[in-house]
Amino acid sequence: VFLVCPSLVSIGLPVNLVLLGLSRGLAEFEAPLRPMADVAVAPGGVENDSNFLKLAAYKTEADEFKSLVDEHLYGYSQKKLVVDALKELSKKVEEAELKQSYAKNLGKKKGLEEHETVLCNLYSTHDLKEKVQVLNTQLQAMIDQGQITHEEKLYVLDNLRTRCEAAKTAGKEKLQEKLQGNITSVSKAGGYILDVKNLKELSTFHRQLDAIAVIEKKPVKGHTPSDKELLAKKTEILASVWSLEERSRMWFEPAAVFKQRLQKALEALAIAEADQRRREEEEAFEKQRREEEEAIERRRLEALAKEEAKHKQMLAKLEAKRAEEAQKPQKPVVQVAKPKEKKKAKRVDPNAFFVHHRSTLADAEAEEAAAEGEADGWREPDADEEEEEAPQPTPAAPSKPAASAASSAPAAAPSSSGYPTGQAAPAAPTSP
């Protein structure tokens, strides 16, 4: 380690972390050079892997086996790898159990070899076949539901086509038909994305590492106290990242494959978080708008309620005042007599009550005199004018006979009004 990475050790990284980084770096360098079928198989096979041995052990019962598979084997490639390894192990265990049975029944002195005894003590053919059946059921369900990633699609199709050709050669029509249906389902799949455990924690640490990378590019003089504090935590952050990635990676999953899957998951998470923030901002804005509208409506209703209360209070005061006035003793109402209108007297010509159809000479002369008076501007005054303007008349002389009055009328000298001064117009002669 000191020879290969002296700079890493000099900055204070623990030796075990440096070794872990070197091993993962080599795995990432070698993985892209191998095809997908080879990537799924670890060097030397998975038979010697402690996790596989735990899954295959007879002591691992069915419930524990399913729990381990669900927790650490949720990818198609990893489950297929374990199924194939369990089938190979089952053949070896079956041979060892058969040899042991023969030796016991035939009474041979020579017993089993050491590795065969280990197989018979740790594993059971029946148990292994049940576990293979459980995984095959899950694999078929993943194919039917299209839970095949883009990276697995080509490998799965190649495997299914190979098995289909073998079934065709063996004349197994039902198996061939089943495999052909699986090929059709996998051809339509390829968009499935496997979840990454501890993704949010990993995202936080990766953002901190990105910030550290930006700080390291700055001049040392430009580092702020917060930058120095973050740089001091770099070793701790790296250790946490490596530990989380080891726990988040599936069993029998190469580091390069996991790295690629993690990078895609981090990008998808960043997009999802951005969308979530945008939705939260929109929801917050909409909530604020609704609250403002509700506040305005509430103030309007409160103002309206106050106006109604004020109106009711005013009506109550008016009713109380009316009731108070009604309880007071009432004064008698004095009926004021209306002043009588003064009736105006109208002078009536008594001659108008009689109809005189005959005309005498005296009547003709009187009408002629009246016509001459109107021509000169004189008119007979009204009764009201005579009452207001005319002086009190003097007692009239005894009336003369009609004939003498008529004869004396032209001899009298008329005034400007046609009558003697101070006297009223003579009455028209009455008919006999």
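The values are calculated or read from the model by the stated rules, or taken from the named source; none is laboratory data. If you're wondering where the values come from, they're calculated on a predicted model, not measured in any experiment. Cβ placement follows ideal geometry from the backbone for every residue including glycine, while neighbour counts extend to all protein chains displayed. Note: accessible area is taken over every heavy atom of the protein model, side chains too, but ligands, DNA and RNA are not part of it. Shrake-Rupley method; radii C 1.70, N 1.55, O 1.52, S 1.80 Å.
Tell me, which helices (runs of 4 or more DSSP H) wholly within the stretch 94-193 include 3 or more residues that are under 23 Å from residue 65 (Cα atoms) and over 53 Å from the mean Cα position of the chain (by Cα)?
Ranges flagged: 114-122, 125-144.
Anything in the stretch 48-67 that is part of a helix (DSSP H, G or I) and either touching a helix residue (DSSP H, G or I) at 6+ places or on another chain (Cβ under 6 Å) or crowded, with 16+ Cβ neighbours inside 10 Å (or both)? List them, or say none.
52, 55, 56, 65
One residue is enough: does the stretch 176-190 have a residue meeting the conditions among the aliphatic types (A, V, I, L, M), within 30 Å of residue 54 (Cα to Cα), open to solvent by less than 100 Å² (accessible area, probe 1.4 Å) and out of contact with any Cys (no Cβ under 6 Å at 6 or more places or on another chain)?
No, there is no match, as no residue in the stretch 176-190 is among the aliphatic types (A, V, I, L, M), within 30 Å of residue 54 (Cα to Cα), open to solvent by less than 100 Å² (accessible area, probe 1.4 Å) and out of contact with any Cys (no Cβ under 6 Å at 6 or more places or on another chain).
Return the only residue of 238, 209, 262 being in a helix (DSSP H, G or I), modelled with pLDDT of 90 or more and within 23 Å of residue 78 (Cα to Cα).
262
Need pairs with beta-carbon distance below 9 Å; first residue assigned to a loop (DSSP other than H, G, I, E, B) and within the stretch 325-344, second open to solvent by less than 100 Å² (accessible area, probe 1.4 Å); sequence gap 6+ or separate chains.
344/383; 344/384
State all residues of the stretch 69-78 that are surrounded by fewer than 20 Cβ atoms within 10 Å (Cβ to Cβ) and either touching a helix residue (DSSP H, G or I) at 6+ places or on another chain (Cβ under 6 Å) or of a type in the set (Ser, Thr, Tyr) (or both); if no residue qualifies, say none.
Of everything in the stretch 69-78, just one residue is surrounded by fewer than 20 Cβ atoms within 10 Å (Cβ to Cβ) and either touching a helix residue (DSSP H, G or I) at 6+ places or on another chain (Cβ under 6 Å) or of a type in the set (Ser, Thr, Tyr) (or both), namely 74.
Residues are listed down the side, and each one gets a yes or a no for (1) open to solvent by 50 Å² or more (accessible area, probe 1.4 Å); (2) under 30 Å from residue 76 (Cβ atoms); (3) touching a helix residue (DSSP H, G or I) at 6+ places or on another chain (Cβ under 8 Å); (4) not in a helix (DSSP H, G or I):
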| residue | (1), (2), (3), (4) |
| --- | --- |
| 258 | no, yes, yes, no |
| 275 | yes, yes, no, no |
| 281 | yes, no, no, no |
| 286 | yes, no, no, no |
| 290 | yes, no, no, no |
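Within the stretch 153-175, how many residues are surrounded by 14 or more Cβ atoms within 10 Å (Cβ to Cβ) and of a type in the set (Val, Ile, Thr)?
Here the count works out to 1.
Results for (1) at pLDDT 90 or above; (2) of a type in the set (S, T, N, Q); (3) open to solvent by less than 80 Å² (accessible area, probe 1.4 Å), shown as yes or no for each residue.
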| site | (1), (2), (3) |
| --- | --- |
| 92 | yes, no, no |
| 112 | no, no, yes |
| 126 | yes, no, no |
| 131 | yes, no, yes |
| 144 | yes, no, no |
| 151 | no, no, yes |
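Sort out which residues of the stretch 242-256 are open to solvent by less than 40 Å² (accessible area, probe 1.4 Å) and not in a loop (DSSP other than H, G, I, E, B), and write them in order of number.
Answer for the stretch 242-256, where residues must be open to solvent by less than 40 Å² (accessible area, probe 1.4 Å) and not in a loop (DSSP other than H, G, I, E, B): 244, 245, 248, 255, 256.
For residues that are surrounded by 10 or more Cβ atoms within 10 Å (Cβ to Cβ) and of a type in the set (Lys, Arg), scanning just the stretch 205-235, find the one that is nearest to residue 263 (Cα to Cα).
207
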